[in-house]
Amino acid sequence: APVVRRHRRYRLADRPMQLATSYLPAELARATAIAEPDTGPGGIYARLAEQGRAPAHFTEEIRVRMPTPDESEALNLNRGTPVLDVLRTALTAEHVPVEFNEMTLDGSAYVLQYDFDA
């Protein structure tokens, strides 16, 4: 199905920290602020909520790997620094996918913490 692709590079104090590419169903994103450079307050999730399609559940897959040359350059990584790939799917309360987000994180800049019941 057609999608709207949003690619971003996040910085903290001018240091690149993360690359993110989101894919959203074109039927939800086209002709909305989701397809604009500035999605407005609350970002794409707020825009989805306005349509009654707010994310209510997320699933993530995380991998650690060495970066590609393009990723090393975009994130200004020191040689030998790994990246974390976070593949996230956002789903509505009815478990309808509304976004797939591939994030590449500077492995030297993040600590991932998860709390959950057994």
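The values are calculated or read from the model by the stated rules, or taken from the named source; none is laboratory data. Keep in mind that this is a model prediction, so the values were computed, not measured. Virtual Cβ from ideal backbone geometry, glycine too; neighbours counted across all protein chains shown. Note: accessible area is taken over every heavy atom of the protein model, side chains too, but ligands, DNA and RNA are not part of it. Shrake-Rupley method; radii C 1.70, N 1.55, O 1.52, S 1.80 Å.
If I model a spin label at Arg65 and Glu94 as a point 7 Å from the Cα along the Cα→Cβ vector, what separation in nanometres do I get?
Inter-label distance under the simple model: 3.4 nm.
Could you compute the net charge surrounding Thr32? Neighbours are other residues with a C-beta less than 9 Å from the C-beta of Thr32; K and R count +1, D and E count -1.
Net charge around Thr32: 0.
Accessible area per residue for the chain in Å², computed with a 1.4 Å probe and the full protein assembly in place, what is it?
Working: 7690 Å² over 118 residues.
Per residue, the chain has an accessible area of 65 Å².
If we restrict to alpha carbons, what Rg and Dmax does segment 27-81 come to, in Å?
16.6, 45
When the chain is fully extended, how far beyond the present Cα-Cα distance does Asn76 get from Arg9, taking 0.36 nm per residue of separation?
Fully extending the segment from Asn76 to Arg9 adds 23.0 nm.
222 nm [θ] for the chain, helices only, -39500 (n - 2.57) per DSSP H run of 4+, per residue, to 500?
-4000 deg cm²/dmol, from helical runs alone.
Once you compute Rg and the Kirkwood Rh from C-alpha atoms, what is the Rg to Rh ratio for the chain?
1.00
Counting only protein chains, not ligands or nucleic acids, how are Asp14, Asp85 ordered by accessible area (probe 1.4 Å), most first?
Asp14, Asp85
For the pair Asp117 and Thr21, what calculated FRET efficiency results from E = 1/(1 + (r/R0)^6), where r is the Cβ-Cβ distance and R0 = 41 Å, to the nearest 0.05?
Given R0 = 41 Å and the Cβ-Cβ separation, E is 0.80.
Quick one: how many Å² of Thr59 are accessible to a 1.4 Å probe, rounded to 10?
70
What translational D, rounded to a whole number of µm²/s, comes out for segment 9-50 from Stokes-Einstein when the hydrodynamic radius is the Kirkwood one over Cα pairs, at 4 °C and 1.567 mPa s?
Once the numbers are plugged in, D ends up at 112 µm²/s.
Once Rh for segment 47-105 is found with the Kirkwood sum over Cα pairs, what is the Stokes-Einstein diffusion coefficient at 4 °C and 1.567 mPa s, in µm²/s? It would help to have the intermediate numbers written out before the result.
Working: Rh = 13.0 Å.
Calculated translational D: 99 µm²/s.
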